[in-house]
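Trainee: Once you've had a glance at the structure underneath, I'll fire off some questions.
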Amino acid sequence: MTQRTISLVEKKSIIIAFLGQCNDYSDVMVNKYQAQLQDENLAESAAQKIHDWNVYRQFNEYAVQELGGDELDHWFR
């Protein structure tokens, strides 16, 4: 059985799509915790979780930008 080789462009596309799904999930989580901000018993914890999910999202967005260039191409060889 022969194995199909995945091109560099395809590899990057797969990772970018995955990071997009991760960011979609982070949006869901931020919305969940924003609803908890109204409850004073949960507000502090919710605010921290919102912050954490936003940082995670920003990291993923940065990774997507990096994948748009060729600086990380050596990782895929």
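The values are calculated or read from the model by the stated rules, or taken from the named source; none is laboratory data. All values derive from a computational prediction rather than experimental measurement. Positions of Cβ are generated from backbone atoms using ideal geometry, with glycine treated the same way; all protein chains shown enter the neighbour counts.
Trainee: Restricting to the stretch 1-20, and then to whatever is exposed (fewer than 11 other Cβ atoms within 10 Å of the Cβ) and more than 15 Å from residue 68 (Cα to Cα), can you tell me which residue is modelled with the highest pLDDT?
Mentor: 5
Trainee: Another question about this same structure. Cβ-Cβ under 7 Å, sequence separation 6+ or interchain: first residue in the stretch 8-26 and in contact (Cβ under 8 Å) with a residue 12 or more places away in the chain, partner assigned to a helix (DSSP H, G or I) and among the aromatic types (Phe, Trp, Tyr). Which pairs?
Mentor: Final answer for the pair search is 8/76; 11/76; 26/53; 26/56.
Trainee: Failed condition for residue 50, given (1) exposed (fewer than 13 other Cβ atoms within 10 Å of the Cβ); (2) of a type outside the set (Gly, Ala, Ser); (3) in a helix (DSSP H, G or I), with all others met?
Mentor: All conditions are met except number (1).
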